[in-house]
Amino acid sequence: MVTDKEIQWKIVHQSAWWKAMQSCEQDQQHHGEGNVANHTQLVVQELESQLDFQFLPERDKKILRLAALLHDCGKPATTKVDEQGRITSHGHARVGSVIARRLLYQQNVDPLLREEVCSLVRWHMRPGHFLSAEDQVRVALTIAQTTRCDHLTRLAEADTRGRIAPNTDDALVRVGLFGEFCRELGVWSAPFNFASDHSRFLYFRTLGRDPHYEAFTDTRGQLTLMCGLPGSGKDTWIKQNLPDLPVISLDALRKELKIAASDPQEPVAMAAMERARVFLRAGQDFLWNATNLRHELRARPVGLAADYNFRVKIIYREVPFATLFAQNRGRESAVPEAVMHKYIDRWEMPSLTECHTLA
């Protein structure tokens with residue numbers, strides 16, 4: 001799709017996701033250039049025409065090209081026409097990051113590079129709306145944990161210039177102010193330097209907290225939270241690294257409670273939380289073994305651990321796309337392939353905004 005030097009447009013134009021963008025119209029007030037594919041091509045052109053783009057390292061250019069190419073891939077899935085006939089695509093950035101992850105995962109793109117692209121897709125709208133945020137510092141620090149703000153500013157500028165709209169100049173000013181704010185905050189090309197991992201953990205859990213405040217570390221134990229697609233090697237990792245640690249396994253609970261994976265899962269989640277409380281009250285380190293592919297799913301055990309003043313370590317496991325399905329087929333309780341694809345379509349990576357350590 002994208003080599004180290006250029007986008008392979010012939011391949012892109014034959015892709016189903018590109019054809020979906022060609023069929024996806026946009027609101028004429030903000031996108032006089034037409035459909036999403038038209039806009040995307042303009043954004044790529046604007047990105048590559050930036051004065052210092054050619055001087056960037058090849059890896060950075062590849063990341064930015066892919067991000068520009070995929071930044072609006074979530075629009076076909078989220079576009080609606082309201083009662084007044086206006087076209088909207090609310091939530092397309094988050095949906096687009098998941099779609100981009102699937103596309104790049106299937107093509108065996110390097111995971112670290114892939115996630116930099118997906119984070120840019122996830123946050124590409126934020127610079128233009130930055131000034132309206134209640135807590136601008138928190139927004140900038142959250143973004144900086146998963147992507148480079150200098151890359152995001154470049155992408156947002158290209159995104160703004162790559163459309164025909166009456167407010168382009170104002171939008172460029174907002175994007176520029178986002179970049180200046182990130183420079184002043186010290187997160188232009190790196191995450192914020194928190195005093196400790198516990199300080200960072202509490203900052204992202206506490207509204208209004210000063211990011212410079214050094215939190216006293218008085219944690220009582222540690223929750224180790226597994227994260228990864230079915231068949232990615234989570235059970236193997238546990239056996240090799242923490243074989244003696246108590247484990248709360250959602251798969252085991254489903255068997256115990258005789259609840260199928262296709263049934264409502266709230267009873268399983270509630271049972272897991274109750275068992276977790278036993279370990280938390282005792283100050284006992286323990287492990288939570290599940291896919292945990294959505295932020296909302298991770299938030300429940302993480303929040304419970306935080307309430308009991310436990311550290312949180314997330315262990316993320318991944319194998320190549322082809323290997324994943326082969327390993328899943330070899331499991332004692334293989335997940336149906338249709339269900340596997342549904343997992344991939346909900347897959348959101350964990351970040352250091354959620355935990356003390358991420359491995």
Scanning for something in contact with a helix residue (DSSP H, G or I) (Cβ under 6 Å, 6 or more places away or on another chain), over 30 Å from H356 (Cα atoms) and assigned to a helix (DSSP H, G or I), does the stretch 128-147 turn up at least one residue? yes
Is it the case that the stretch 143-153 has a residue that's free of Cβ contacts under 8 Å to residues at least 24 places away in the same chain, open to solvent by 30 Å² or more (accessible area, probe 1.4 Å) and farther than 30 Å from R331 by Cα? no
Six or more apart or on different chains, Cβ under 6 Å: which pairs go from a residue in the stretch 224-240 that's more than 20 Å from T357 (Cα to Cα) to one that's assigned to a helix (DSSP H, G or I)? Could you list them? P230/N328; G231/L324; G231/Q327; G231/N328
Within the stretch 231-255, tally of residues that are open to solvent by 70 Å² or more (accessible area, probe 1.4 Å) and either within 24 Å of the chain's Cα centre (by Cα) or on the phi > 0 side of the Ramachandran plot (or both): 1
Failed condition for W18, given (1) touching a residue at least 40 places away in the same chain (Cβ under 8 Å); (2) surrounded by 16 or more Cβ atoms within 10 Å (Cβ to Cβ); (3) not small (G, A, S): (1)
Could you say whether any residue in the stretch 59-80 is over 23 Å from the mean Cα position of the chain (by Cα), within 24 Å of R94 (Cβ to Cβ) and free of Cβ contacts under 8 Å to residues at least 12 places away in the same chain? yes
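With the requirement that a residue be within 23 Å of V98 (Cα to Cα) and open to solvent by 30 Å² or more (accessible area, probe 1.4 Å), what does the stretch 43-78 give you? Break it down into steps so the answer makes sense when it comes.
Keep residues of the stretch 43-78 that are within 23 Å of V98 (Cα to Cα), which gives 43-44, 47, 59-78.
Result: R59, K62, P76, A77.
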So, L185, is that one aliphatic (A, V, I, L, M) and open to solvent by less than 80 Å² (accessible area, probe 1.4 Å) or not? yes
Which condition number in (1) free of Cβ contacts under 8 Å to residues at least 24 places away in the same chain; (2) open to solvent by 70 Å² or more (accessible area, probe 1.4 Å); (3) in a loop (DSSP other than H, G, I, E, B) is the one that D169 fails? (3)
Could you tell me which of the residues F286, F325, F321 is among the aromatic types (F, W, Y), over 16 Å from the mean Cα position of the chain (by Cα), under 18 Å from Y105 (Cα atoms) and surrounded by 17 or more Cβ atoms within 10 Å (Cβ to Cβ)? F325
If we scan the stretch 212-225, do we find a residue that is at pLDDT 95 or above, of a type in the set (A, V, I, L, M) and either touching a strand residue (DSSP E or B) at 6+ places or on another chain (Cβ under 7 Å) or within 30 Å of F325 (Cα to Cα) (or both)? yes
Quick check on the stretch 174-189. Is at least one of its residues basic (K, R), part of a helix (DSSP H, G or I) and without any contact (Cβ under 8 Å) to a residue 24 or more places away in the chain? yes
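The values are calculated or read from the model by the stated rules, or taken from the named source; none is laboratory data. The structure displayed is predicted, hence computed values, not measured ones. Note: ideal-geometry Cβ built from the backbone for every residue, glycine included; neighbour counts use all protein chains shown. Quick note on the areas: whole protein, heavy atoms, side chains included, nothing else; ligands and nucleic acids left out. Shrake-Rupley method; radii C 1.70, N 1.55, O 1.52, S 1.80 Å.
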